[in-house]
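The values are calculated or read from the model by the stated rules, or taken from the named source; none is laboratory data. As the structure is a prediction and not an experimental result, all values here were calculated from the model. Methodologically, a virtual Cβ is constructed for each residue, glycine included, from the backbone with ideal geometry; neighbour enumeration extends over all protein chains shown.
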Amino acid sequence: MLTGFENLSRFQSIPPEKIALTGKLLLASPFMNDSMFAGSVILISAHSKDAGALGFIINQPTSEVLSDNYAKWLSNTSVSSKIFKGGPVEHDVIMGLGHSTDPLSTSQGLYQLEHNLVVLDLEAASTDDTKDMHQLRLFKGYSGWTPGQLEAEIQAEGWLIAESNTMDPFSLRPDNLYEKVIRRQLGGLTEYYPTETLSLN
């Protein structure tokens, strides 16, 4: 099992009104001081005051060839020839991000989050778990923040925040997703997320 997912039960136990950024997109701003995230678009899959935040970089496909252990998942992915860089945490582990509007069966390796998103631990999940998913994409690792860390980075203007569309994580043109999200904002710009909306008290 992925050690990074041991806190998912904490995310799932937080009342919905207490979750501020779940389902939002983070876009690295010109003031981002971590070159690892330059030009990245991150979907926040879970966020709470007590558990921190978890997300996936959704616009950085890799050229890596998957081993046979993971090839069986490729037929279910929206872009079968690609695996994406999800982030710097547990970057040696492959995991899935799926979307389904249908009820999914309970599985040890399947974590259903907000906005019909599903995270799969491929070490524990089965390909049968994906049969009712409308979309599925594979990622190397994920992006994670400890409690308060993401809020501090946003306050320092390291991230722009925008609403996500259902198909953003599964875009067929991930290379221009950053520009696409910017263009669809009113006035062509993304405003900095108001600090007061980050209060989870």
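Brief remarks follow.
- Residues that are closer than 21 Å to L117 by Cα and either surrounded by fewer than 21 Cβ atoms within 10 Å (Cβ to Cβ) or modelled with pLDDT under 90 (or both), drawn from region 147-176: I161, A162, E163, S164, N165, T166, M167, D168, F170, S171, L172, R173
- Scanning region 83-102 for any residue that is surrounded by fewer than 21 Cβ atoms within 10 Å (Cβ to Cβ), more than 18 Å from the chain's Cα centre (by Cα), of a type in the set (A, V, I, L, M, F, W, C) and not in a loop (DSSP other than H, G, I, E, B) turns up nothing.
- Tally, over region 121-143, of residues that are in contact with a Leu (Cβ under 9 Å, 6 or more places away or on another chain) and closer than 21 Å to P174 by Cα: 8
- Members of region 116-146 that are at pLDDT below 85, surrounded by 21 or more Cβ atoms within 10 Å (Cβ to Cβ) and either in a helix (DSSP H, G or I) or of a type in the set (K, R) (or both): D129, T130
One line per residue, one yes/no per condition, for (1) among the charged types (D, E, K, R); (2) closer than 21 Å to T62 by Cβ; (3) touching a strand residue (DSSP E or B) at 6+ places or on another chain (Cβ under 6 Å):
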{"position": "V89", "(1), (2), (3)": "no, yes, yes"}
{"position": "P103", "(1), (2), (3)": "no, no, no"}
{"position": "G109", "(1), (2), (3)": "no, no, yes"}
{"position": "Q112", "(1), (2), (3)": "no, no, yes"}
{"position": "Q135", "(1), (2), (3)": "no, yes, yes"}
{"position": "K140", "(1), (2), (3)": "yes, yes, yes"}
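- Evaluation of L189 against the conditions (1) more than 22 Å from S48 (Cα to Cα); (2) at pLDDT 80 or above shows that the sole unmet condition is (2).
- Some residue of region 103-111 being at negative phi, surrounded by 19 or more Cβ atoms within 10 Å (Cβ to Cβ) and either aliphatic (A, V, I, L, M) or at pLDDT below 85 (or both): yes
- For region 59-73, the count of residues that are closer than 19 Å to H115 by Cβ and either modelled with pLDDT of 80 or more or not in a helix (DSSP H, G or I) (or both) is nonzero.
- Selection status of G96, within 17 Å of T166 (Cβ to Cβ) and either β-branched (V, I, T) or free of Cβ contacts under 8 Å to residues at least 60 places away in the same chain (or both): yes
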